[in-house]
Amino acid sequence: MAKKRLGQHFLSDPSILKRIVGTARLEPEDLVVEIGPGPGRLTRILAGAVRRVIAIELDEALYRALRDEYAQEENVEVVYGDALEYPYEDLPEFKVVANIPYYITTPIIFRLLEKKSAHLNMLKGVQGIPPLEKEGMPDFRTNRLKSMTLTIQKEVAERIVARPGGKDYGVLSIMVQYLGDPELKFIIPKQAFRPVPKVDSAVIYIRIREHPAVNVRDEEQFFRIVRTAFSQRRKMLSNSLKSFGGDVKEWLDRAEIEGVRRPETLSIGDFVRLADTFEIS
Ligand code: SAM
């Protein structure tokens with residue numbers, strides 16, 4: 001019996017599973033982290049394709065079954081626990097391939113990407129992002145994530161790849177596109193899952209960039225501005241940025257951005273200009 005609260009919607013069609021693995025651009029030497037292996041059908045294909053697989057499962061019964069299945073096989077390590085708390089920073093270079101439980105889609109993407117960036121807490125205040133470091137113990141290590149191949153809700157995939165100008169474009173698009181290069185690869189109709197979920201899914205491939213897409217002087221400031229602007233996405237920038245204090249009009253003039261614009265019309269480069277010209281204390 002699938003557990004709804006753990007986002008259990010299983011895939012079994014071998015052609016879909018192979019297509020997902022084909023999307024991931026894997027090399028025989030790779031280390032792959034699979035989040036939520038469930039009954040392990042994707043895990044089996046991954047195990048045949050790469051040197052090592054770490055499969056993290058939170059459902060104890062599924063974990064036990066998978067651990068027993070792989071007891072004699074050395075290249076699959078089955079881990080019992082919450083993928084949001086796994087210490088990815090301790091791994092050598094790795095790729096993630098996963099059919100993500102819906103309820104952690106955004107938190108897990110931010111969890112993996114946050115440590116690609118020089119600043120911690122840049123996402124604090126974004127809805128659904130768990131606190132990462134324990135009180136008083138900031139962790140400045142970065143992880144060595146190379147790519148993510150994720151099966152996620154179609155609507156979230158569309159937000160990730162969205163370009164400026166539409167309703168899908170927002171903090172998630174900017175964060176992912178700043179650190180990675182996302183591509184929406186194909187749609188999986190909801191009928192392919194058991195039990196059948198409410199919405200269709202999409203497979204998305206995100207290559208992680210060696211360096212962020214654009215240079216910004218102060219990354220923390222950049223994300224603060226992006227967050228603030230989108231927290232009131234219907235408002236003009238001249239209003240939504242008022243909380244920064246000082247002469248907002250003069251600031252926008254320096255950045256050569258019209259105050260009447262709304263945040264979804266700004267490119268990542270425009271937000272970088274806003275961050276780089278920010279002088280109000
Ligand atoms: N990979 C399998 C497949 O494609 O059929 C299962 C995918 S199912 C959408 C998500 C899986 O993630 C379930 O097995 C669920 O128990 C597990 N899961 C849920 N929350 C988790 C968490 N926080 N950490 C690790 N696994 C989790």
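The values are calculated or read from the model by the stated rules, or taken from the named source; none is laboratory data. Only a predicted model underlies this, so the values are computations on that prediction, with no experimental measurement involved. Note that we place each Cβ from the backbone using ideal geometry, even for glycine, and neighbour counts take in every protein chain shown. Surface areas here come from the heavy atoms of the whole protein model, side chains and all, with no ligands, DNA or RNA. Shrake-Rupley method; radii C 1.70, N 1.55, O 1.52, S 1.80 Å.
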- Message: Tell me the carbon and sulfur percent of the accessible area for the range 164-279, rounded to whole percent, probe radius 1.4 Å.
- Response: 47
- Quick one: what do you get for the chain if you divide its Cα Rg by 2.2 N^0.38 Å? 1.08
- Message: With just the Cα atoms defining each centre, how far is the range 241-281 from the range 2-22? Give it in Å.
- Response: 43
- Item | Within the chain, percent of DSSP bridges classed antiparallel, to nearest 5 | 50
- Task: First check a/c for the range 219-276, with a ≥ b ≥ c the square roots of the eigenvalues of its C-alpha gyration tensor; if it is under 1.5, answer rounded, and if not, answer prolate when a/b is larger than b/c or oblate otherwise.
- Result: rounded
- Item | Ellipticity estimate at 222 nm from DSSP helix runs (n ≥ 4, -39,500 (n - 2.57)) divided over the chain, nearest 500 | -9000 deg cm²/dmol
- Work out the charge dipole of the chain with +1 on the Cβ of Lys and Arg and -1 on the Cβ of Asp and Glu about the Cα centre, then indicate which of Ala229, Ala98, Leu113 is farthest towards its positive end. Ala229
- Query: Ignoring ligands and nucleic acids, what accessible area does Arg44 show with a 1.4 Å probe (Å², nearest 10)?
  - Reply: 100
- Semi-axes of the range 179-247 from the Cα gyration tensor (sqrt of 5 times each eigenvalue, largest first, whole Å) come to 36, 20, 8
